[in-house]
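To start, the structure itself, in C-alpha cells.
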Amino acid sequence: MRRARQWLTGAGFLALAACAPAAEGPAPAAEPAAETAASPFGPGADQTDGEEADAVVTGEASWSGVDVPATAKLIVEVRDVTRTPDVDDLVLREEFPVTAGSPVAFAGTVSKFDLIPGGNLVLRARIQDGAAILLASDGDIDITDMGETAGLNVALFNPEDLARGRPSRMITPQGAAYVCGGEALSIALEAGAAYVTFGDGTSVKLDKLTTAEGAAKQFSNGRFVVEQSGADLRFGRGRATPMACTAG
C-alpha cells in the first residue's frame, strides 16, 4: 500500500505539471518600422501616402528687345545642387523651338527615382543657336524652396548684361495690371521673385523672403514689398503698411 500511495502521489505531481502553463520565452523582436524619407514633393495621384512622386516642371520663358532666329532653341535644365561633385547633378534637360517668339512654353518630368531626401532642385534656362547663347536666366531659380514646379515664369536676359552684374535694362515677365492703394501698377510673380512696373515705366525686382509656414509670401528689396496670400496681393513702400491690390 505504501508503495502504491507513493506511485499515486508521483502520478498526481506529473499531472499537475502537465496542466501548468509553460514558461514564457522572450518575445520575438519587433520588425523595424519602415522609415519614410522626406521628399521635396508629396505623393502623386497614383502613389500611396508617403511615396514620392515624379516632379512635373512646367512654365514659360519670356524676353523682350531681342530678335531670336528660328533656328534657336530654348534649353531648360534642372539640377540637384546638393549632390556631391563626383555625381552628375543634372536630373532634367529639355529643348523647345522658339519659332513663335516670346513667351515659349516648356514642360518636363523629373523621375521620382532621381529625387533624393533633402535634395534642392534648381532650374536654369537659355536660348541657344548653335554654340551661341543668345539669352539666359539670371542664375539658378530655386524651385524646391518655392515648393512648386508648375506654372513657372522665367525671365531671360542678354548674357553680356548678366556678366556685368545685372541687366542694363530691366526685362520683366508679362505682368497683370493692379491698383494698389490708388496707385496703378503692373505686377509679375516670377519663380523666386516679384517684378513691379510703375506708371513711369520703371521696374524693380523684389526677391522672395523666407516666411513662417502658412504665412503670406513676401517679396522685397528693402524699399518695396509685395505680399501674396492665395490669389490676393498687397503692395507697400518702405515701412508703410502694404495696401490691398485689385485687378485693374
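The values are calculated or read from the model by the stated rules, or taken from the named source; none is laboratory data. Note that this is a predicted model, so its numbers are computed, not measured. Note: ideal-geometry Cβ built from the backbone for every residue, glycine included; neighbour counts use all protein chains shown. These accessible areas exclude ligands, DNA and RNA; they are computed on the full protein's heavy atoms, side chains included. Shrake-Rupley method; radii C 1.70, N 1.55, O 1.52, S 1.80 Å.
Checking the condition under 22 Å from TRP63 (Cβ atoms), open to solvent by less than 30 Å² (accessible area, probe 1.4 Å), of a type in the set (Gly, Ala, Ser) and under 17 Å from the mean Cα position of the chain (by Cα), which residue from ALA194, ALA188 passes?
Working: ALA188 fails: under 17 Å from the mean Cα position of the chain (by Cα).
Sole residue among the options that is under 22 Å from TRP63 (Cβ atoms), open to solvent by less than 30 Å² (accessible area, probe 1.4 Å), of a type in the set (Gly, Ala, Ser) and under 17 Å from the mean Cα position of the chain (by Cα): ALA194.
Just one of the listed residues (GLY222, GLY181, GLY248, GLY201) is surrounded by fewer than 18 Cβ atoms within 10 Å (Cβ to Cβ), over 25 Å from ALA136 (Cα atoms) and free of Cβ contacts under 8 Å to residues at least 24 places away in the same chain, and it is GLY222.
Where residues in the range 57-74 are of a type in the set (A, V, I, L, M) and open to solvent by 50 Å² or more (accessible area, probe 1.4 Å), which of them is nearest to ASP114 (Cα to Cα)? Before you say what the answer is, go through the steps one by one.
Taking the range 57-74 and keeping what is of a type in the set (A, V, I, L, M), we get 57, 61, 66, 68, 70, 72, 74.
Filter again for open to solvent by 50 Å² or more (accessible area, probe 1.4 Å), leaving 66, 70.
Values: VAL66: 36, ALA70: 33 Å.
In this case the residue turns out to be ALA70.
Specify the residue that is farthest from ALA53 (Cα to Cα); the eligible residues are those in the range 108-128 that are open to solvent by 50 Å² or more (accessible area, probe 1.4 Å) and of a type outside the set (Val, Ile, Thr).
Let us first name the residues in the range 108-128 that are open to solvent by 50 Å² or more (accessible area, probe 1.4 Å), namely 109, 113-114, 116-118, 124, 126.
Next cut, of a type outside the set (Val, Ile, Thr) only: 113-114, 117-118, 124, 126.
Details: PHE113: 9, ASP114: 10, PRO117: 12, GLY118: 15, ARG124: 22, ARG126: 27 Å.
Within the range 108-128, the match that is farthest from ALA53 (Cα to Cα) is ARG126.
Got at least one residue in the range 58-72 being touching a helix residue (DSSP H, G or I) at 6+ places or on another chain (Cβ under 8 Å) and assigned to a strand (DSSP E or B)?
The initial filter retains those residues of the range 58-72 that are touching a helix residue (DSSP H, G or I) at 6+ places or on another chain (Cβ under 8 Å), namely none.
No, that holds for no residue.
Taken over the range 75-107, residues that are part of a strand (DSSP E or B), surrounded by 20 or more Cβ atoms within 10 Å (Cβ to Cβ) and either among the β-branched types (Val, Ile, Thr) or over 13 Å from the mean Cα position of the chain (by Cα) (or both) amount to 5. When the range 160-198 is filtered for residues that are more than 23 Å from THR211 (Cβ to Cβ), at pLDDT 80 or above and not in a loop (DSSP other than H, G, I, E, B), the ones remaining, listed by number, are ALA177, VAL179, GLU183, ALA184, SER186, THR197.
I'm checking my understanding of the structure. Among residues of the range 225-245 that are assigned to a strand (DSSP E or B) and hydrophobic (A, V, I, L, M, F, W, C), which one is surrounded by the fewest Cβ atoms within 10 Å (Cβ to Cβ)? Give the steps one after another, and end with the answer.
Going through the range 225-245, the residues assigned to a strand (DSSP E or B) turn out to be 225-229, 232-237, 243-245.
Applying the additional criterion that residues be hydrophobic (A, V, I, L, M, F, W, C) yields 225-226, 233, 235, 243-245.
On the way: VAL225: 22, VAL226: 27, LEU233: 25, PHE235: 24, MET243: 16, ALA244: 13, CYS245: 22.
Selected residue: ALA244.
Applying the condition of being within 17 Å of the chain's Cα centre (by Cα) and of a type in the set (Lys, Arg) to the range 201-221 and asking which residue is modelled with the lowest pLDDT yields LYS208.
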